[in-house]
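**Q** Sharing a structure here in structure tokens format.
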Amino acid sequence: MYKVSAPDEKSRYHLAELARMFLPTGGCEVYARKTAQAAEFSVEDAAENTDPANFLYIEDLISKEEAAKILYKFLKEKTGKELDWGTLTGVRPVKLYNGLRRRNEDAFKIMRERYLVSDEKALLLHEVSEIQKSLAFDENPEAIAVYIGIPFCPTRCNYCSFTSSKIEKKKVEIYLPALFTEMRAVNALMKDRGLFAESVYIGGGTPSSLDEQDFAELLSNTKECFVGDRCREFTVEAGRPETLSAEKLEAMAESGAKRISINPQSMKQRSLELIGRIHSPQQIIDAFALARRRGDFCINMDLIAGLPEEEPEDFEASLRTVIGLGPENITVHTLAIKRASRLIEEDRYLAARQADNVRIMLQSASRLLKEAGYRPYYLYRQKNMAGNFENIGWSLPTYESLYNVRIMEENQIVAAMGAGAISKMYFPEEDRIERIPNVSDTKLYIERIDEMIKRKEDGIL
Ligand code: SF4
């Protein structure tokens with residue numbers, strides 16, 4: 001066991017995150033000297049109870065970056081490992097990179113030298129940043145993002161940590177009226193403040209798991225409330241192929257939704273069963289064909305690298321099939337074991353075991369997607385990801401989603417409605433956001449709908 005003595009709680013948190021990336025199954029404890037924990041652990045204790053070679057004391061008064069570099073070098077020497085993302089533990093490395101560029105700093109060099117990011121990942125950041133620079137955002141501060149959450153799915157995937165439960169008609173019957181009340185109230189507040197939706201995103205959950213009538217009603221209400229002349233993007237997630245129908249596609253087209261997601265995660269039957277899905281790979285192909293027949297949707301498809309029992313060949317086969325279908329966007333996720341997921345109980349260390357496989361999978365994804373003309377345009381990381389890699393949104397040129405980029409950059413107000421939805425207030429002078437969450441429990445959300453509206457009225461609108 002390695003032990004690290006950090007100056008205070010703030011630095012301890014970041015250093016412990018970094019230590020977990022080196023040793024995901026444990027093996028390094030980080031203590032803060034200036035908290036109650038100091039009573040249980042001191043330099044003297046460490047000298048007595050820990051092999052001094054396995055003990056690291058991080059001095060007071062050094063910067064967060066320096067402290068992280070010292071720990072990085074210590075654990076690199078002990079474990080023989082290197083991390084592709086260096087000392088970066090945050091979710092949004094592109095935001096950091098873009099911020100450095102805006103301040104005219106040498107972002108690439110800083111990534112390499114201050115954060116010890118590998119050449120490959122620093123180049124990736126630069127590539128994504130360049131593509132984002134070329135996208136035309138509406139700089140008008142009155143342009144905001146609108147999110148609407150439908151917290152229901154046909155079944156729960158074992159890696160899922162979202163607000164979502166199995167769909168039942170009686171739950172939908174009481175959820176939608178509350179949601180529509182919130183949507184109408186937010187619409188009125190936006191009008192009052194002169195705000196308009198630059199982008200609208202209906203996610204969840206799986207919005208298309210609503211039946212045809214409820215789904216059409218959701219879309220027509222959304223259109224009425226938010227999809228005006230200045231709305232540039234309207235996206236609807238139809239993640240589970242078995243929930244899509246010609247009627248629902250018609251409703252989407254009529255409401256102006258141009259972007260949809262049909263998310264296989266894998267094209268291998270066994271993997272779909274293992275993650276708790278109830279559709280077949282063929283249903284994904286059929287749903288895709290149905291959507292294409294209806295017309296001009298920009299279609300996104302998600303895949304996950306590192307699923308249970310998957311080898312690099314399985315992932316590559318899925319990716320080749322998806323590329324063969326020709327969606328405009330392909331998002332490649334790395335498996336992350338999240339606290340609220342079933343997977344953490346079923347196989348806590350799966351992500352750690354899959355790390356080497358995931359590296360090969362992501363490398364082949366990059367090669368195959370580039371060969372097929374896709375470009376990486378947004379990127380984010382999560383905690384407890386296999387190999388500490390990243391999720392990347394790939395797009396054919398001109399089909400990039402503004403909403404996805406904006407959400408990662410956190411440079412815009414987000415009005416989010418529905419159970420578990422998180423609105424964000426943006427303060428441009430400080431380049432800072434403040435989160436205003438709705439409650440996650442659907443029953444509480446319905447009961448406290450007036451409070452959810454009031455929170456937004458006070459907080460962002
Ligand atoms: S489809 Fe998405 S929201 Fe629904 S259970 Fe699976 S991961 Fe969760």
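Each reported figure results from applying straightforward, stated rules to the coordinates on display, with no laboratory input. Predicted model, so just to flag it, every value in this text is computed and none were measured. Note that each Cβ is placed from the backbone with ideal geometry, even for glycine, and that neighbours are counted across all protein chains shown.
**Q** Counting only Cα atoms, I'd like the Rg/Rh figure for the chain, Kirkwood definition for Rh.
**A** Taking Rh as the inverse mean 1/r over Cα pairs, Rg/Rh reads 0.98.
**Q** Among 373-384, 75-86, 50-61, how do they line up by average Cβ neighbours within 10 Å per residue, starting with the highest? Don't skip to the end; give the middle numbers.
**A** Values: 373-384: 19.4, 75-86: 16.1, 50-61: 13.6.
Listed from highest to lowest mean packing, they are 373-384, 75-86, 50-61.
**Q** Still on this structure, I have one more. Using the alpha-carbon atoms, what tilt in degrees (0 to 90, nearest 10) does helix 119-133 show relative to the longest principal axis of the chain?
**A** Here the helix axis deviates by roughly 30 degrees.
**Q** Shifting gears a bit: Bin all alpha-carbon pair distances of region 256-371 at 5 Å intervals from 0 and give each bin's fraction as a whole percent.
**A** The percentages, shortest bin first, are 2, 11, 22, 22, 19, 13, 7, 3, 1.
**Q** What percent does the relative contact order of the chain come to when contacts are Cα pairs within less than 8 Å and at least six residues apart?
**A** Details: 855 pairs, mean separation 69.4, N = 461.
With pairs under 8 Å counted, the relative contact order is 15 percent.
**Q** Too long at a 25 Å Cα-Cα cut-off: which of K73/K383; K3/K81; K191/K424; K3/K109; K69/K133?
**A** With Cα atoms farther than 25 Å apart: K3/K109; K69/K133.
**Q** Using the Cα centre of the chain as the reference point, and only Cβ charges (+1 on K/R, -1 on D/E), how large is the resulting charge dipole? Debye, rounded to the nearest 20. It would help to have the intermediate numbers written out before the result.
**A** On the way: 64 positive and 73 negative charges, 30 e Å.
Using Cβ point charges on Lys, Arg, Asp and Glu, the chain gives about 140 debye.
**Q** With only Lys, Arg, Asp and Glu charged, each at its Cβ (+1 for the first two, -1 for the last two), find how big the charge dipole of region 214-294 is about the Cα centre; round to the nearest 20 debye. Could you put the intermediate results ahead of the total?
**A** On the way: 13 positive and 12 negative charges, 92 e Å.
It comes to approximately 440 debye.
**Q** Okay, moving on. If amide H atoms are built 1.01 Å from N in the plane of the peptide, which residues on other chains or at least 5 residues away come under 5 Å of the amide H of Y2?
**A** So Y2 has HN proximity to C28, E29.
**Q** Further, regarding this structure: Could you tell me which residue out of Y147, A185, A67 lies farthest along the dipole of the chain toward its positive end? Charges go on the beta carbon: Lys and Arg +1, Asp and Glu -1, centred on the Cα centre.
**A** Y147
**Q** Once you have a ≥ b ≥ c as the square roots of the Cα gyration tensor eigenvalues for region 143-417, tell me rounded if a/c is under 1.5, and otherwise prolate or oblate according to whether a/b is larger than b/c. Intermediate results must be reported in sequence, preceding the final value.
**A** Values: a/c = 1.59, a/b = 1.49, b/c = 1.07.
Because a/c hits 1.5 or more and a/b exceeds b/c, region 143-417 counts as prolate.
**Q** How compact and how long is region 341-436, expressed as Rg and Dmax of its alpha-carbon atoms in Å?
**A** So, for region 341-436, Rg and Dmax equal 17.0, 45 Å respectively.
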